[in-house]
Amino acid sequence: MIIKPAFLVIMLISILPCYAQENDDFIRVKDLSADFIYDMRYATANNFLKEKVYECADCVLRKEVGEALVKANSYFLKKGYKIKFFDCYRPLDVQKAMWKVLPDGRYVANPNSGSIHNRGGAVDITLTDLQGNELDMGTDFDYFGEKAHFDYSDLPEQIISNRKLLKTGLELFGFQGIRTEWWHYNYSKARQYSLSNFKTNCD
Ligand SMILES: [Zn+2]
């Protein structure tokens, strides 16, 4: 079979988006704003994998996602709160390691389809007061159970109100939560982003 050059070009163009995995579209959030707080759990052993899987504790995201979070943080700052990050972009290899430990689609995305974290478009976050004290959200980050579900109602009024504060503010800037984890938010356009597997370092 003879493949015409024009056909080859079309084939290449159709393949190219799969390789849009360079980190050109990504930024470190700290380069956009100094007003965030960080507790990047996968850069420590304090996570459900019980090991440090990130070399660097920076929050890396698609540029427009980071910019939307800067706006959201300004909104929260005016109310007396700050965004604190637990996780941002996550390489696909780390997703695979997570799936091995917890192959439950309610809490970990199957690496075959990938997580929005692997696309640089999801964040795991909470709110603190201006002194950096975390608001009570009822459970720790990565508590895999009903108590962490957004619609779990057997909680003190203050906790429900804290969860709503986070959700309401983020929705104003293009983020959507998920039912099973109060800390996880996807940027609305993030499903269009390709999966990535580059590692971040602190250079
Ligand atoms: Zn998440």
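All of the numbers you see were taken from the coordinates with simple rules; none came from a lab. Note that the structure is a prediction, hence the values are computed from the model and not measured. Ideal geometry is used to build each Cβ from the backbone, glycine not excepted, and the neighbour counts take in all protein chains shown.
Shape index of region 154-203: Rg/Rh, with Rg the Cα radius of gyration and Rh the Kirkwood radius from the inverse mean 1/r over Cα pairs, equals 1.13. Within straight-line reach of Lys30, meaning a Cα separation under 20 Å, sit the following aspartates and glutamates at least 8 residues removed in sequence or on another chain: Glu22, Asp39, Glu55, Asp58, Glu64, Glu67, Asp87, Asp124, Asp129, Glu134, Asp203.
Restricting attention to region 21-192, close to 90% of DSSP beta bridges with both partner residues there are antiparallel.
Panel order for Lys78, Lys63, Lys84, by other beta carbons found within 10 Å of each beta carbon, from fewest to most: Lys78, Lys63, Lys84.
In order along region 191-200, the phi-based Karplus estimate (6.51 cos²θ - 1.76 cosθ + 1.60, θ = phi - 60°) of 3J(HN,Hα) comes to 5, 6, 6, 7, 6, 10, 9, 6, 8, 9 Hz; Gly and Pro are listed as x. The three principal axes of the Cα atoms in the chain give end-to-end lengths of 70, 35, 31 Å, sorted in falling order. Restricting the GluC sites (Glu not before Pro) of region 28-91 to loop positions (DSSP other than H, G, I, E, B) with no more than 15 neighbouring Cβ atoms within 10 Å leaves Glu51, Glu55.
The magnitude of the dipole of region 57-172, with charges of +1 and -1 set on the Cβ of Lys/Arg and Asp/Glu and taken from the Cα centre, is near 420 debye. Each other residue within a Cβ distance under 15 Å of Phe76 adds +1 if Lys or Arg and -1 if Asp or Glu, for a net charge of +4. The aspartates and glutamates within cross-link reach of Lys71, meaning a Cα-to-Cα straight distance under 13 Å and a gap of 8 or more places when in the same chain, are Asp35, Glu171. Contact order normalised by length for the chain, with contacts defined as Cα pairs under 8 Å and 6 or more residues apart; what percent is it? Dividing the mean separation by the residue count of the chain yields 24 percent. Potential lengthening of the chain between Lys50 and Asp140 amounts to 30.9 nm, from the contour at 0.36 nm per residue minus the alpha-carbon distance.
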